[in-house]
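The values are calculated or read from the model by the stated rules, or taken from the named source; none is laboratory data. Note that the structure is a prediction, hence the values are computed from the model and not measured. Here Cβ is always computed from backbone atoms with ideal geometry, including for glycine, and neighbour counts include all displayed protein chains. For accessibility, only protein heavy atoms count, side chains too; no ligands or nucleic acids. Shrake-Rupley method; radii C 1.70, N 1.55, O 1.52, S 1.80 Å.
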Amino acid sequence: MAAGYLEILRARHAARLLTGTLVGRLPNATAAIAIVLFVRAEGGTYSLAGVLAAVYGVANAVGQPVLGRLVDLCGQPRVQLPAALASAAAMAVFAFAGTGSLPVAYAAVAAAGLFTPPLEGGLRALWPSVLGAEERVHTAYAMDAVAQEVMFTVGPLLVTLCVSLWSAQAALLVVNVVGVLGALSVVVSAPSRAWRSAPREAHWLGALRSSGLLALLGAFLFVGIALGSITVASVPYADGHGGDAVYGWMMAALGLGALLGGSVYGARRWAGEPARRLRVLVALLAVCYLPLMLMPGALAMALLTVLAGVFLAPAIACAFVLVDRHAPRGTVTEAFSWLVTTFTVGASVGTGVAGPVVEAGGALWGFAVPGAAGGVSLLVLAVTGRVLAAPGGGAVVAAGSENDPNRAVEPRFSSGDRA
């Protein structure tokens, strides 16, 4: 397993790009907890903290595909670094202005989310040029998914450490300065400066004109709903089995499961059609959510939560392959950004749905939501199986791909205009 990942990291620029992207995404990974801690330090209510965190999340979901399209049109350095600087500057305004003026606070947080650079999609667009062979790119996708779990686990710990050593204001500033440095490390690298998107056909829908991509986004909306609902359903369970410590262990166990599953998945090369493999992975993901409804003791529940996370990272890594295959020519960064946005929106919907369910039926019915959402995701994949299996979504195609190692054919449109 380690040998496969070491082979990827030994490739020129690979370790730098992965590390820079993870560091650059630190502000996004820690935004919710950093905003909540800062608002509380300012004497604000939990309601205000939650609303501000939600504003950041919504703005981020809107900004990612928009900035992703700009990256495809203008290149990475011209978009990623200015966006990182704008996002950090907006968060600095929030840190210094505080919550004394709510319009300023809302505007600053919204701008910070809107201008968060699409580093995640940008990295996946770079892997083919850095690694070359298709098998190595697929391994890098799996390693990427695993690294995200590490970052989302370590990031909040770094924020709380910074708060304890200095202040919540300092945490906001430090995290965003570090994020700018990460983005800078990526955009000054040779692969990022040299990368150019393939020529694209002018179309207002951009990446969303691909039926295969739309099918994939529909499925992963429900995967996001499943994940978001677990975070809510775990709260009443933890209240009855040990409190906040149990909740923390459950969330860590979910990440550990994804980390283990992604590590094993990326350690081998998979033959066969990725669309069929994704259906199997999502089916296993949905099945592994169901034992959570047993709600045993805290230790056994933590183990079941590990199991619930095992197939998450493999499913995401397999989805990356399909996004790369179905993204219309010249829209790869935008397409990956849409997957990020859809998953984020799904998680937000999941938290919103699980709340009333938990209030009406308790933790038991709350844990039924992820299993049901996983089942709907599988149904979407089953119904759209032919679309996902077809090259370029089954459209009239032209040879050539912006990510040449995949040799994927792309949709041809009749306008002849270039974006």
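Among the residues of region 239-246, are any at negative phi, of a type in the set (A, V, I, L, M, F, W, C), touching a Phe, Trp or Tyr at 6+ places or on another chain (Cβ under 9 Å) and not in a loop (DSSP other than H, G, I, E, B)?
From region 239-246, those at negative phi are 239-241, 244-246; that's our starting set.
Remaining after also requiring of a type in the set (A, V, I, L, M, F, W, C): 245-246.
Restricting the remaining residues to those that are touching a Phe, Trp or Tyr at 6+ places or on another chain (Cβ under 9 Å) gives 246.
Those left that are additionally not in a loop (DSSP other than H, G, I, E, B): 246.
So far as region 239-246 goes, yes, one or more of its residues are at negative phi, of a type in the set (A, V, I, L, M, F, W, C), touching a Phe, Trp or Tyr at 6+ places or on another chain (Cβ under 9 Å) and not in a loop (DSSP other than H, G, I, E, B).
Restricting the search to region 349-370, which residues are within 21 Å of the chain's Cα centre (by Cα) and open to solvent by less than 10 Å² (accessible area, probe 1.4 Å)? G350, A354, P370 - these are the residues of region 349-370 that are within 21 Å of the chain's Cα centre (by Cα) and open to solvent by less than 10 Å² (accessible area, probe 1.4 Å).
May I ask you to verify whether G392 is within 30 Å of P296 (Cβ to Cβ), touching a helix residue (DSSP H, G or I) at 6+ places or on another chain (Cβ under 7 Å) and either at pLDDT below 85 or open to solvent by 60 Å² or more (accessible area, probe 1.4 Å) (or both)?
On the way: within 30 Å of P296 (Cβ to Cβ): no; touching a helix residue (DSSP H, G or I) at 6+ places or on another chain (Cβ under 7 Å): yes; either at pLDDT below 85 or open to solvent by 60 Å² or more (accessible area, probe 1.4 Å) (or both): yes.
Considered against the rule, which asks whether it is within 30 Å of P296 (Cβ to Cβ), touching a helix residue (DSSP H, G or I) at 6+ places or on another chain (Cβ under 7 Å) and either at pLDDT below 85 or open to solvent by 60 Å² or more (accessible area, probe 1.4 Å) (or both), G392 comes out as no.
Restricting attention to region 42-52, the residues being part of a helix (DSSP H, G or I) and out of contact with any helix residue (DSSP H, G or I) (no Cβ under 6 Å at 6 or more places or on another chain) number 4.
How many residues, within region 275-297, are surrounded by fewer than 16 Cβ atoms within 10 Å (Cβ to Cβ) and more than 17 Å from F367 (Cβ to Cβ)? Counting residues in region 275-297 that are surrounded by fewer than 16 Cβ atoms within 10 Å (Cβ to Cβ) and more than 17 Å from F367 (Cβ to Cβ) gives 1. Could you tell me whether any residue of region 331-338 is open to solvent by 10 Å² or more (accessible area, probe 1.4 Å) and not in a helix (DSSP H, G or I)? No, region 331-338 has no match at all. Within region 275-303, residues that are of a type in the set (G, A, S) reach partners that are open to solvent by 40 Å² or more (accessible area, probe 1.4 Å) and outside any helix (DSSP H, G or I) with beta carbons closer than 8 Å, at six or more positions or on different chains, in the pairs G297/H241; A298/H241; A298/G242.
Condition check ((1) open to solvent by 40 Å² or more (accessible area, probe 1.4 Å); (2) among the hydroxyl-bearing types (S, T, Y)) across all residues:
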position: G261; (1), (2): no, no
position: E273; (1), (2): yes, no
position: L299; (1), (2): yes, no
position: A302; (1), (2): no, no
position: C318; (1), (2): no, no
position: D324; (1), (2): no, no
position: T342; (1), (2): no, yes
position: A347; (1), (2): no, no
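The listed residues are V246, V310, V264, and the only one of them that is touching a Cys at 6+ places or on another chain (Cβ under 8 Å) and over 20 Å from A389 (Cα atoms) turns out to be V310.
Conditions tested, residue by residue: (1) open to solvent by 40 Å² or more (accessible area, probe 1.4 Å); (2) in a helix (DSSP H, G or I); (3) in contact with a Ser or Thr (Cβ under 8 Å, 6 or more places away or on another chain).
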{"site": "R40", "(1), (2), (3)": "yes, yes, no"}
{"site": "A54", "(1), (2), (3)": "yes, yes, yes"}
{"site": "A61", "(1), (2), (3)": "no, yes, yes"}
{"site": "L70", "(1), (2), (3)": "yes, yes, no"}
{"site": "L73", "(1), (2), (3)": "yes, yes, yes"}
{"site": "R78", "(1), (2), (3)": "yes, yes, no"}
{"site": "L81", "(1), (2), (3)": "yes, yes, no"}
{"site": "G100", "(1), (2), (3)": "yes, no, no"}
{"site": "A110", "(1), (2), (3)": "no, yes, no"}
